[in-house]
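Visitor: Below you'll find the structure I mean.
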Amino acid sequence: MTDSIHSKLDIIEHITQAFDQVSGFMYNLTSAQFMQGPADQWSVGQHLHHLVLSTLPINDLLLGNIEHLKVFGTPERASWNYKQLVKQYQTFLTQGAKAKKGFVPAKLTPHDKQEVIEAFVQAKEALILAIEQWDDDQLDNYCIPHPLLGKLSVREMLFFTIYHTRHHLRGIKRLLRNILN
């Protein structure tokens, strides 16, 4: 249950579950399904590529020297819990927020399927490794900039990563259902 996500171990468990659900789903798609998508929206594969693009910067920041995060300042408020973070993000989405430059996926071909899935799995493994290096208390003491939500505590950014991954899986499934109907 997402209400109980708080500790570092909870976060690792939920990130693992979310990423494994996405990669498992993607492995079972055909190359043609991987390419599915309306002309004016991202394809299934591009949703996955977007998840890779949005995870890599977090990995870089968390795997680096913790002291380097001081450049982003310290949290100016108490960390949001998972539900509060989701509510904030959903508010931006309802206002029409879109992925910022650098997080917009490239055009893909059917031959990119395996490579993008592998990049996603590697991003998950690096993220778990990074989280394991942090103490639970540190997750609330350092900030990371989010392109829409502003400065988030590391814990909040990890909550975002869980929700964002699940959000895109729901979008991928909806996209495929709409195409089949």
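Visitor: Sort out which residues of segment 147-180 are part of a helix (DSSP H, G or I) and touching a Lys or Arg at 6+ places or on another chain (Cβ under 8 Å), and write them in order of number. Lay out the reasoning, then the answer.
Guide: Of segment 147-180, the ones part of a helix (DSSP H, G or I) are 154-180.
Of everything in segment 147-180, nothing turns out to be part of a helix (DSSP H, G or I) and touching a Lys or Arg at 6+ places or on another chain (Cβ under 8 Å).
Visitor: Report the residue count in segment 60-80 for those that are outside any helix (DSSP H, G or I) and either among the charged types (D, E, K, R) or buried (at least 16 other Cβ atoms within 10 Å of the Cβ) (or both). Talk me through it step by step, then tell me what you get.
Guide: Filtering segment 60-80 for residues outside any helix (DSSP H, G or I) gives 64-65, 73-80.
This time we only want the ones that are either among the charged types (D, E, K, R) or buried (at least 16 other Cβ atoms within 10 Å of the Cβ) (or both), so: 75-77, 79-80.
Adding up the residues that qualify gives 5.
Visitor: Still on this model: Report, by residue number, each residue of segment 92-119 that is part of a helix (DSSP H, G or I) and either touching a strand residue (DSSP E or B) at 6+ places or on another chain (Cβ under 9 Å) or under 24 Å from Asp40 (Cβ atoms) (or both). Give the derivation first.
Guide: Quick first cut of segment 92-119, residues part of a helix (DSSP H, G or I) only: 92-94, 110-119.
The answer is Phe92, Leu93, Thr94, Pro110, His111, Asp112, Lys113, Val116.
Visitor: Do you know which of the residues in segment 1-36 that are more than 20 Å from the chain's Cα centre (by Cα) and touching a residue at least 60 places away in the same chain (Cβ under 8 Å) is surrounded by the fewest Cβ atoms within 10 Å (Cβ to Cβ)? Give the derivation first.
Guide: Of all residues in segment 1-36, those more than 20 Å from the chain's Cα centre (by Cα) come to 28-33, 35-36.
Then drop every residue that is not touching a residue at least 60 places away in the same chain (Cβ under 8 Å), which leaves 29, 31-33, 35-36.
Details: Leu29: 18, Ser31: 13, Ala32: 10, Gln33: 20, Met35: 17, Gln36: 17.
For segment 1-36, the residue satisfying everything is Ala32.
Visitor: Next question. Would you check which residues across segment 56-82 are on the phi > 0 side of the Ramachandran plot and among the charged types (D, E, K, R) and list them? Walk me through it before giving the result.
Guide: Our first condition is that a residue be on the phi > 0 side of the Ramachandran plot; within segment 56-82, this holds for 73.
Selection gives nothing.
Visitor: Additional query: Tell me which residues, restricted to segment 105-128, are of a type outside the set (Ser, Thr, Tyr) and out of contact with any helix residue (DSSP H, G or I) (no Cβ under 7 Å at 6 or more places or on another chain). Outline the logic, then answer.
Guide: The initial filter retains those residues of segment 105-128 that are of a type outside the set (Ser, Thr, Tyr), namely 105-108, 110-128.
The answer is Lys107, His111, Gln114, Glu115, Glu118, Gln122, Glu125.
Visitor: Would you mind finding the one in Gly96, Gly73 that is small (Gly, Ala, Ser) and closer than 13 Å to Ser153 by Cβ? Break it down stepwise before answering.
Guide: On the way: Gly96 fails: closer than 13 Å to Ser153 by Cβ.
Answer to the selection: Gly73.
Visitor: For segment 22-36, indicate whether the set of residues that are β-branched (Val, Ile, Thr), modelled with pLDDT of 95 or more and assigned to a helix (DSSP H, G or I) is non-empty.
Guide: yes
Visitor: Please indicate, with yes or no, whether at least one residue in segment 127-142 is part of a helix (DSSP H, G or I), within 13 Å of the chain's Cα centre (by Cα) and of a type outside the set (Phe, Trp, Tyr).
Guide: Within segment 127-142, the first condition is being part of a helix (DSSP H, G or I), and the residues that meet it are 127-132, 137-140.
Narrowing the set further to residues that are within 13 Å of the chain's Cα centre (by Cα) leaves 127-128.
Now narrow it down to the ones that are of a type outside the set (Phe, Trp, Tyr): 127-128.
Yes: segment 127-142 contains one or more residues that are part of a helix (DSSP H, G or I), within 13 Å of the chain's Cα centre (by Cα) and of a type outside the set (Phe, Trp, Tyr).
Visitor: Say whether the condition of being in a helix (DSSP H, G or I), over 17 Å from Arg166 (Cα atoms) and either at pLDDT 95 or above or hydrophobic (A, V, I, L, M, F, W, C) (or both) is met by at least one residue in segment 5-14. Even if it seems obvious, please write down each step before you answer.
Guide: Step one: filter segment 5-14 for residues in a helix (DSSP H, G or I), giving 8-14.
With the extra rule that they be over 17 Å from Arg166 (Cα atoms), the set shrinks to 8-9.
Retained after the next criterion (residues that are either at pLDDT 95 or above or hydrophobic (A, V, I, L, M, F, W, C) (or both)): 8-9.
Yes, segment 5-14 has at least one match.
Visitor: I need a count of the residues in segment 39-50 that are touching a residue at least 24 places away in the same chain (Cβ under 8 Å) and surrounded by fewer than 17 Cβ atoms within 10 Å (Cβ to Cβ). Talk me through it step by step, then tell me what you get.
Guide: Of segment 39-50, the ones touching a residue at least 24 places away in the same chain (Cβ under 8 Å) are 41-50.
Okay, now just the ones that are also surrounded by fewer than 17 Cβ atoms within 10 Å (Cβ to Cβ), so 41.
Of the residues in that region, 1 qualify.
Visitor: Still on this structure: Regarding Gly96, is this residue over 13 Å from Thr165 (Cα atoms) and in contact (Cβ under 8 Å) with a residue 12 or more places away in the chain? It would help to see each step written out before you state the result.
Guide: Numbers: over 13 Å from Thr165 (Cα atoms): yes; in contact (Cβ under 8 Å) with a residue 12 or more places away in the chain: no.
Here the answer is no, as Gly96 does not meet what is asked.
Visitor: Restricting attention to segment 115-138, does a residue exist that is of a type outside the set (A, V, I, L, M), farther than 22 Å from Lys8 by Cα and surrounded by fewer than 19 Cβ atoms within 10 Å (Cβ to Cβ)?
Guide: First, the residues of segment 115-138 that are of a type outside the set (A, V, I, L, M): 115, 118, 120, 122, 124-125, 132-138.
Okay, now just the ones that are also farther than 22 Å from Lys8 by Cα, so 115, 118.
In the following step, the residues that additionally are surrounded by fewer than 19 Cβ atoms within 10 Å (Cβ to Cβ) were identified as 115, 118.
Scanning segment 115-138 turns up at least one residue that is of a type outside the set (A, V, I, L, M), farther than 22 Å from Lys8 by Cα and surrounded by fewer than 19 Cβ atoms within 10 Å (Cβ to Cβ).
The values are calculated or read from the model by the stated rules, or taken from the named source; none is laboratory data. Everything quoted here is computed from the prediction, not taken from an experiment. So basically every Cβ, Gly included, is an ideal-geometry build from the backbone, and we count neighbours across all protein chains shown.
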